[in-house]
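Trainee: Structure incoming, see below.
The values are calculated or read from the model by the stated rules, or taken from the named source; none is laboratory data. Since this is a predicted model, take the numbers as computed values, not measurements. In this analysis, Cβ positions are derived from the backbone assuming ideal geometry, glycine residues included, and neighbour counts consider all displayed protein chains. Remember, those area values only see protein heavy atoms, side chains included, never the ligands or the DNA or RNA. Shrake-Rupley method; radii C 1.70, N 1.55, O 1.52, S 1.80 Å.
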Amino acid sequence: MKWVKTGSNHPLGYVLGRCGWILPNGDVIEPDNCFIRAERMRDYMRQNGLTKLPESYPELVPDLIMESCCCTEAETDPSSYQKAKLQILKTF
């Protein structure tokens, strides 16, 4: 089994925390943690002439998004908080 460490350049990909992504519809998301496959990030970097990970929000949808429900909104009304977050990603 191969493990991917946070922020590492691993053959499988990247695990990133608290970073933003621009979705195809223009919405911006900032998940708690996410994973993007290495080949997708390499393709994005090649297409945009980048030699290192982008410093600004890339126009990509992560392969895996992880959210933690630990804020006040989630504690007072977890269903609406989670539904609002998921609604944004529903079409991708």
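Trainee: Residue by residue through the range 6-28, note down the ones that are over 15 Å from LEU89 (Cα atoms) and surrounded by fewer than 16 Cβ atoms within 10 Å (Cβ to Cβ).
Mentor: Scanning the range 6-28 gives THR6, GLY7, SER8, ASN9, HIS10, PRO11, LEU12, GLY17, ARG18.
Trainee: Just checking, does the range 47-60 include any residue being in contact (Cβ under 8 Å) with a residue 60 or more places away in the chain and among the polar types (S, T, N, Q)?
Mentor: no
Trainee: I've got another one for you. Are any residues in the range 40-65 closer than 13 Å to GLU30 by Cβ and either assigned to a loop (DSSP other than H, G, I, E, B) or open to solvent by 70 Å² or more (accessible area, probe 1.4 Å) (or both), and if so, which ones?
Mentor: SER56, TYR57, PRO58, PRO62
Trainee: Taking the range 29-39 only, how many residues are surrounded by 16 or more Cβ atoms within 10 Å (Cβ to Cβ) and in a loop (DSSP other than H, G, I, E, B)?
Mentor: Selection size over the range 29-39: 1.
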